[in-house]
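The values are calculated or read from the model by the stated rules, or taken from the named source; none is laboratory data. These numbers were taken from a predicted model, which means no experiment stands behind them. Glycine also receives a Cβ, built like all others from the backbone with ideal geometry; neighbour counts cover every protein chain displayed. These area figures cover heavy atoms from the full protein model, side chains too; ligands, DNA and RNA do not enter into them. Shrake-Rupley method; radii C 1.70, N 1.55, O 1.52, S 1.80 Å.
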Amino acid sequence: MRFAILVMSTELTEAGRMPGEETLEEVVRYHEELAAAGALSEAAGFHPTSEGWRIRFTGDERTVLEGPFLPASEQVSGYTVIEVASREEAMGWALRFPKPYLEQEGGEIEIRQIHDLDEFVQGPAVARFRALGFLDRIADEVGQTRPDLAASTAPNGTVTILFTDIEGSTQLTERLGDREWMLVLGEHNAIVREQAAHHRGFEVKSQGDGFMLAFASASDAIRCAIDIQRALADRADGSAELRVRIGLHTGEPVRDADDFYGKAVILAARIAGEARGSEILVSSLVRELTESAGEFRFEAATDAELKGLMGMYRLSAVRWQG
């Protein structure tokens, strides 16, 4: 369950007054405790409403209303999103929230539960919404929940992560229509799950039109990726072509869980995002772990920058056709 802790504005925040070091110290300490407990999702502060604006809808017309907006006590100056198991746990964290401004006698926060997508009518519209930026969302959610991957861990402590993503799913939905798209998506999901089971993969999370799978063997992960692509290419019903991007990377969760969930999972997601439709792209470590056996063929390695990550990364495409 996710809850937003909304920090209500005061005359000081609306005047643009920034918190002092003493206030910041308490706020940072509180968020460190949230992070240590695995309950912190995100947090941010807002500029005063004098720098903002509202859009008012009247029929088909839109009117811009410039700030400031009064009264100050009804505005929001910042928020913290927490992910917890119950309303009672959220209440406990909320009661520990530090006073927004130590310089003022009063203050107020408001707590609101955030809707999960599962609460909405599960139709094509929600499926399309789930697909927006799902690679980053899966990586972030897995980093927060840190699922137990013991069954997918190799004897040397490594886990190979595989991400999939349907290229151009939004355009494909518009072309096919909602009903046919849902049928095609169901076929895609069945293929991925069938191949994951066949190659001893563990489904860590699925969202929108993609999956995150975990394998104890890097070779099993590549075999699974190849068979997914071949099964999609060999569909006999003549339905719409699905071009799926697949990315793989190997990390060491047992030796350094923070590094694995904070970097290895994100790196695997970024590699999938770098791949083209119907391409299997692997990190240099996955290639090193599997190439010597001679079972797989790779294209020449190329160096790429990956969104949000420093430096260059050497990636290789797996030859799976023919």
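Here the Karplus relation 6.51 cos²θ - 1.76 cosθ + 1.60, evaluated at θ = phi - 60°, turns the backbone of region 19-29 into coupling constants of x, x, 4, 5, 5, 4, 4, 5, 5, 5, 4 Hz, with x for every Gly and Pro.
In this calculation the C-beta distance from PHE298 to ALA35 is compared with R0 = 35 Å, giving a FRET efficiency of 0.35. From the coordinates of this entry, Rg and Dmax of the Cα atoms in Å is computed, and it appears in (i) 23.5, 73; (ii) 25.5, 84; (iii) 18.9, 58 under the label (i).
Under 5 Å between amide hydrogens, built in the peptide plane, is the criterion, and for GLY78 it picks out VAL7, PHE46 among residues at least 5 positions away or on other chains.
Among the protein heavy atoms of the chain, carbon and sulfur supply 50% of the accessible surface, probe 1.4 Å, non-protein parts ignored. Dipole magnitude for the chain: computed about the Cα centre from +1 point charges on Lys and Arg Cβ and -1 point charges on Asp and Glu Cβ, it is near 1080 debye.
Full extension of the chain segment joining GLU194 with GLU66 gains 40.6 nm, where the gain is 0.36 nm per residue of separation less the Cα-Cα distance. In this structure, the amide hydrogen of PHE298, modeled 1.01 Å from its nitrogen in the peptide plane, lies closer than 5 angstrom to those of ARG319, counting only residues at least 5 positions away or on a different chain. Once the chain from GLU42 to ARG112 is taken as fully extended at 0.36 nm per residue, the excess over their C-alpha distance is 23.7 nm. Of the residues SER283, PHE202, GLN229, the one whose Cα sits farthest towards the positive end of the charge dipole of the chain is GLN229 (charges of +1 on Lys and Arg Cβ, -1 on Asp and Glu Cβ, taken about the Cα centre). Only one residue of LEU6, GLY107, GLY92 has its Cα farthest out toward the positive end of the dipole of region 1-122, where Lys and Arg carry +1 and Asp and Glu -1 on Cβ, and that residue is LEU6.
Take every Cα pair under 8 Å whose residues are at least 6 apart in sequence, average their separation, divide by the length of the chain, and the relative contact order is 16 percent.
Only the Cβ atoms of Lys and Arg (+1) and of Asp and Glu (-1) were treated as charged; on that basis the dipole of region 183-293 about its Cα centre amounts to roughly 80 debye. For region 291-308, 3J(HN,Hα) computed residue by residue from phi via the Karplus equation (6.51, -1.76, 1.60; θ = phi - 60°) reads 5, 5, 6, x, 6, 10, 10, 10, 6, 4, 5, 10, 9, 9, 8, 10, 3, x Hz, glycine and proline entered as x. To test your reading of the geometry: what angle, between 0 and 90 degrees and rounded to tens, separates the Cα axis of helix 178-198 from the longest principal axis of the chain? Its long axis makes an angle of about 60 degrees.
Roll a 1.4 Å probe over the protein chains and send me the accessible area per residue for the chain in Å². With the other protein chains kept in place, the chain gives 55 Å² per residue. Residues whose amide H falls under 5 Å from that of ILE114, counting only those 5 or more places apart or on a different chain, are ARG2, PHE3, ALA4, with hydrogens built in the peptide plane. In terms of its alpha-carbon gyration tensor, region 246-302 comes out oblate; a/c meets the 1.5 threshold, while b/c is at least as large as a/b.
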